[in-house]
Amino acid sequence: MKLKVLKANGEKMTLKLALSGLKNHLKDYFILFSGLTISAAIFYMFQTLAANPLFLKSNTYLLSIVVIFNLGTFLLAIITFAYLNYANNFLINLRSRIYAMYLMLGAKSRKIAQLIFLETIVIGLLAVLAGIVCGIILTQLISRLLIRQLDLSLIHYSPWNNQAILVTLIFFLVIFVFFALKNARKLVYTPILKLLNQEKTPVRAHKNPLLWGGEIIAGIVLLAIGYWALAHLDILNIKGIFVAIITIVSGSYFVFDSLFLAIVQNLQHRPNFALKRLHSFTLGQLNFRLRDLTKLLAMISIMFALALGAITAGIGFHRDIATITNVCSDYDFILHDPSTRELDQVNNLKLTDTSVYHYKVASNKVYWLVDDFDLKPFNYVIPNGSFNPIKYSHVTGKQMLKDKNKWLSILQSYLGDASTILPGGFLPKKEFQTKTGKEHTINLYVLKNFMAEKNQIKPLVLADNKKIKLDVNRDSTQKYNIFFVINGMLSGFEFMGLFLGIAFLAMLASCLMFKILSGANNDMHRYQILKQIGTRHQLLEYSIAQEIGTIFLLPALLGIVHVLFGLQMFKVTTLIHEPYKNLIIPIGIFLVLYAFYYLITDFIYQKKVLRK
Amino acid sequence: MTSIVAVQQVKKVYGKVHEEKTVALKDVNFQVETGEFIGIMGASGSGKSTLLNILSTIDRPTSGQVLINGYDITKLRGNKLSDFRAHQIGFIFQDFNLLEDLTVEENIALPLSLQEMNPKRIKALVILISKKLSISSILKKYPAEISGGQKQRAAAARALITKPAILLGDEPTGSLDSSSARELLNTMTNLNQKDKISILLVTHDPVSASFCQRILFIKDGVIGKELRRNNLDRISFYHQILNEIESFES
């Protein structure tokens with residue numbers, strides 16, 4: 001009886017101890033938990049696309065899209081695993097000291113192992129559930145925003161996706177069970193003394209200069225091969241993608257492991273730089289940080305490239321919608337026999353040119369007033385699906401008369417349902433006036449900016465489509481109809497690009513943020529020392545901003561290089577017209593978001609290490 | 001002789017407005033003359049750590065005044081405080097407080113880099129001070145690669161390179177084996193006698209204290225007793241200290 005009471009008391013005590021640990025580190029747990037939630041949310045968001053082949057297939061004309069998304073899932077899984085590993089180390093660092101203390105006080109190691117196992121699983125489970133909820137909300141928000149802002153038309157897409165929920169849940173639970181076992185094992189088998197003194201002391205790793213040089217060269221050569229493969233994707237096809245992934249991933253690793261380290265060490269040996277202010281300290285921190293972060297930074301540079309590439313491609317597709325639409329016709333919209341009300345509406349638009357052509361229909365035949373074309377020559381584009389269609393500019397009535405049948409049939413195509421009327425001929429003014437039959441007009445307008453005013457002309461065009469019984473999907477004379485078809489075709493791609501870009505960016509930046517913040521506890525002591533030897537507060541802030549800035553900047557630089565070469569892929573496969581055009585926009589948007597993450601990291605880190 | 005440190009009516013009370021108060025220092029008064037090697041001794045809870053924290057500007061007194069080299073350190077804030085630490089005091093700690101990711105050389109040079117001194121001059125001064133402290137051979141090593149005694153010498157070099165008005169030591173021999181401790185104390189005595197560096201040592205170790213010229217005993221937040229070495233040899237002074245501790249603490 002007594003034993004039972006004691007045992008129950010013991011268990012109560014253990015629980016109390018576990019909870020007390022939680023309370024003391026509430027802020028740290030908040031960082032940990034929100035980090036885990038973000039990763040689960042992003043994983044879920046990605047899965048709503050990847051686990052939805054119906055959506056993928058119905059929104060693009062690319063057959064390999066499902067393979068590409070599976071590849072994406074694989075990459076995301078790797079980075080998520082790396083991310084969770086850091087998060088877990090953060091947790092273990094938080095807890096090991098306190099658990100070691102319990103062990104010293106006589107708690108049974110089996111009990112403690114159970115406790116940390118449970119703690120890991122519970123935190124993981126809560127985080128993944130919260131993450132899925134966040135994922136659903138975020139997917140809803142982002143997709144709505146993108147759809148509204150970009151006129152996207154998406155088929156089979158829903159923020160709630162059972163399979164995505166299941167995949168996310170299973171993936172995270174498997175990982176957490178793995179970490180829970182690892183943590184429990186670690187606590188049982190690590191000597192107490194080591195658990196109590198977790199602080200890491202950096203040890204110098206000696207590098208053979210020859211091997212080092214070799215590594216730099218190998219890194220650059222591997223990257224070159226990868227870039228070459230991407231630039232020859234038209235010949236290599238899917239093989240090229242695999243070659244590029246392997247070479248660029250390993251190349252990035254080598255570059256981080258050797259080149260950047262070499263630069264830092266070189267700076268350390270320049271007294272004029274190193275012995276200025278806190279430079280030696282910042283370089284020393286970077287020297288050890290970079291070694292510790294090699295794998296992560298290489299991965300981040302790849303993720304950075306993928307995310308930036310995805311956003312660039314997304315914006316490229318968006319631009320293509322406008323480009324393709326614009327080259328398809330010189331006229332932005334056409335009205336048949338517009339009413340006065342319609343003409344009033346037209347007058348409110350920003351027009352740059354108007355052409356009015358008269359025709360008469362007599363005994364089912366169409367006769368055009370040829371003088372109209374001399375007065376206002378006609379422009380015609382034969383859309384051929386490329387960015388350089390065949391164009392006829394400034395065709396006058398006289399020119400039309402030379403090749404009468406061709407121009408009659410071209411003009412006929414502007415009259416919609418042609419089953420009831422046939423081409424008749426061109427008539428000079430006198431004959432046209434005396435010709436019996438109903439007179440009609442066709443008005444062709446050029447707007448200052450079609451894309452900007454497309455929503456205003458939409459009701460006019462739709463009414464006109466109805467008037468002449470046009471099938472929106474088949475007509476190629478009304479620019480709006482062309483836009484409608486192209487937009488349907490490309491906006492799936494655009495959505496995926498932007499969505500993936502944002503999701504990957506959030507993931508990689510959180511990953512980096514987490515890794516940096518998890519080191520803050522170890523660094524606190526160093527900043528205390530610096531304060532004690534009289535370092536000004538601003539200088540400390542500056543040094544931290546520099547150090548974290550470098551860690552953010554290096555993968556970004558390499559990532560941008562990856563993208564600059566990687567865009568060749570779109571060029572050679574002609575998937576995007578002019579992929580390099582206005583590149584500054586996606587890079588700019590991306591860097592602003594990335595900088596935002598940097599500022600948050602810098603802020604939290606400073607709060608932690610410079611605590612008074 | 002002029003005084004380098006003047007502590008006047010210093011009082012330190014811990015505890016917030018509505019909490020129970022703990023008086024750590026009641027009314028502390030003393031002076032350190034320029035070039036003096038002085039020790040402050042006391043048992044745990046006597047207030048010696050509080051006093052050291054105040055002297056090293058890490059903590060502030062509740063009332064009273066502390067002048068170091070003419071600066072009223074209780075009134076210093078922000079950059080002025082940082083600059084004061086950088087120029088006026090050198091500090092050596094029980095656990096060395098070297099930056100592990102910097103080499104010994106970089107550690108020692110750091111305070112001068114902060115002052116934006118010319119790198120060539122920094123190098124020359126580092127060489128000079130490391131010769132004086134016999135650590136020239138380990139300049140390129142990281143703290144993790146050297147012994148405790150060497151670490152403390154490196155820390156002392158870093159503390160002294162700015163030529164501070166006073167060197168403060170917080171149980172500097174606490175983490176050292178006895179021979180390294182002896183070596184360090186001899187070095188400090190040398191620095192004091194040859195280079196006329198003022199040193200204030202806080203310790204509870206009678207051996208370390210026996211290297212000082214004067215010892216202040218602190219108990220329950222007040223300085224209760226003062227002992228001068230005068231012309232006594234170190235061993236006799238050591239015994240005198242032991243006796244004093246016996247009677248003072250009881």
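The values are calculated or read from the model by the stated rules, or taken from the named source; none is laboratory data. As the structure is a prediction and not an experimental result, all values here were calculated from the model. No Cβ is skipped: glycine too gets one built from the backbone with ideal geometry, and neighbour counts run over all protein chains shown.
Of all the listed residues (A:L286, A:L308), the sole one being touching a Phe, Trp or Tyr at 6+ places or on another chain (Cβ under 7 Å) and in a helix (DSSP H, G or I) is A:L308.
Here A:F273 does not fit the description of being of a type outside the set (D, E), more than 18 Å from B:E100 (Cα to Cα) and either crowded, with 21+ Cβ neighbours inside 10 Å or touching a Pro at 6+ places or on another chain (Cβ under 8 Å) (or both).
Number of residues in the range A:557-589 that are of a type in the set (A, V, I, L, M, F, W, C), part of a helix (DSSP H, G or I) and closer than 13 Å to A:H318 by Cα: the value is 1. Being part of a helix (DSSP H, G or I), aliphatic (A, V, I, L, M) and either more than 30 Å from A:S158 (Cβ to Cβ) or modelled with pLDDT of 75 or more (or both) is a property that does not hold for A:I68. For the range A:555-579, name all the residues that are under 16 Å from A:A305 (Cα atoms), touching a Leu at 6+ places or on another chain (Cβ under 6 Å) and of a type outside the set (G, A, S). Listed by number, the residues that qualify are A:P555, A:V563, A:Q568, A:M569, A:P579. Taking residues in the range B:56-77 that are touching a residue at least 60 places away in the same chain (Cβ under 8 Å), and partners anywhere that are of a type in the set (V, I, T), the pairs with Cβ atoms closer than 6 Å and at least 6 places apart or on different chains are B:V66/B:V7; B:V66/B:I73; B:V66/B:T74; B:I68/B:V5; B:N69/B:I4. Per the listing A:D523, A:D602, the residue uniquely within 14 Å of chain B (Cβ to nearest Cβ) and charged (D, E, K, R) is A:D523. Only residues that are β-branched (V, I, T) and within 14 Å of another protein chain (Cβ to nearest Cβ) were counted across the range A:284-323, and they come to 0. Where helices (runs of 4 or more DSSP H) fall wholly inside the range A:445-541, the ranges with 2 or more residues that are at pLDDT 85 or above, on the phi < 0 side of the Ramachandran plot and under 34 Å from the mean Cα position of the chain (by Cα) are A:450-467, A:479-518.
Let's see how each residue does on (1) more than 14 Å from every other protein chain (Cβ to nearest Cβ); (2) surrounded by fewer than 22 Cβ atoms within 10 Å (Cβ to Cβ); (3) part of a helix (DSSP H, G or I):
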position: B:T57; (1), (2), (3): no, no, no
position: B:E105; (1), (2), (3): no, no, yes
position: B:M117; (1), (2), (3): no, yes, no
position: B:K123; (1), (2), (3): no, yes, yes
position: B:K140; (1), (2), (3): no, yes, no
position: B:Q152; (1), (2), (3): yes, no, yes
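Looking for something out of contact with any Ser or Thr (no Cβ under 9 Å at 6 or more places or on another chain), aromatic (F, W, Y) and touching a residue at least 12 places away in the same chain (Cβ under 8 Å) - is there at least one such residue anywhere in the range A:560-577? Yes, there is a match, as at least one residue in the range A:560-577 is out of contact with any Ser or Thr (no Cβ under 9 Å at 6 or more places or on another chain), aromatic (F, W, Y) and touching a residue at least 12 places away in the same chain (Cβ under 8 Å). Scanning the range A:560-600 for residues that are within 23 Å of A:Q285 (Cα to Cα) and of a type in the set (G, A, S) yields a single hit, A:A595.
Evaluation of A:L553 against the conditions (1) within 25 Å of A:G219 (Cβ to Cβ); (2) crowded, with 20+ Cβ neighbours inside 10 Å shows that the sole unmet condition is (2). Here B:F217 qualifies as modelled with pLDDT of 90 or more, crowded, with 16+ Cβ neighbours inside 10 Å and outside any loop (DSSP other than H, G, I, E, B). Here the range A:232-278 is the region considered, the condition is being under 26 Å from the mean Cα position of the chain (by Cα) and polar (S, T, N, Q), and the residue that is modelled with the lowest pLDDT is A:N237.
Of all the listed residues (B:K48, B:K16), the sole one being among the basic types (K, R) and either crowded, with 20+ Cβ neighbours inside 10 Å or in contact with an Asp or Glu (Cβ under 8 Å, 6 or more places away or on another chain) (or both) is B:K48. If you check B:L128, B:L110, B:L176, which single one turns out to be in contact (Cβ under 8 Å) with a residue 40 or more places away in the chain and either part of a loop (DSSP other than H, G, I, E, B) or of a type outside the set (V, I, T) (or both)? Checking each option against the conditions leaves just B:L110. Please specify each residue of the range A:69-97 satisfying the condition of being more than 31 Å from the chain's Cα centre (by Cα) and buried (at least 18 other Cβ atoms within 10 Å of the Cβ). Within the range A:69-97, A:I92, A:L94, A:R95, A:S96 meet the criteria.
In the set (1) surrounded by fewer than 17 Cβ atoms within 10 Å (Cβ to Cβ); (2) within 14 Å of chain B (Cβ to nearest Cβ), A:F281 fails one condition alone, (1).
Under the condition of being of a type in the set (V, I, T), within 14 Å of chain B (Cβ to nearest Cβ) and without any contact (Cβ under 8 Å) to a residue 12 or more places away in the chain, the residues counted in the range A:240-278 number 0.
Among the residues of the range B:89-103, those that are at the interface with another protein chain (Cβ under 9 Å from one of its Cβ atoms), under 18 Å from the mean Cα position of the chain (by Cα) and over 14 Å from B:I58 (Cβ atoms) comprise B:G90, B:L98.
A:I321 passes every criterion in (1) within 24 Å of A:P459 (Cβ to Cβ); (2) not in a helix (DSSP H, G or I) apart from (2). Taking the criterion of being touching a residue at least 40 places away in the same chain (Cβ under 8 Å) and closer than 12 Å to B:I108 by Cβ, the residues of the range B:133-149 that qualify are B:L133, B:P143.
Against the criterion of being closer than 25 Å to A:N465 by Cβ and at pLDDT 90 or above, A:F281 does not qualify.
To keep it simple, each residue is scored yes or no on (1) assigned to a strand (DSSP E or B); (2) among the hydrophobic types (A, V, I, L, M, F, W, C); (3) at pLDDT below 90.
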| residue | (1), (2), (3) |
| --- | --- |
| A:Y367 | yes, no, no |
| A:D371 | no, no, no |
| A:F387 | no, yes, yes |
| A:Y392 | yes, no, yes |
| A:L401 | no, yes, yes |
| A:N405 | no, no, yes |
| A:L408 | no, yes, yes |
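Considering only residues in the range A:325-339 that are surrounded by 22 or more Cβ atoms within 10 Å (Cβ to Cβ) and in contact with a Pro (Cβ under 9 Å, 6 or more places away or on another chain), the one that is farthest from A:H440 (Cα to Cα) turns out to be A:C328.
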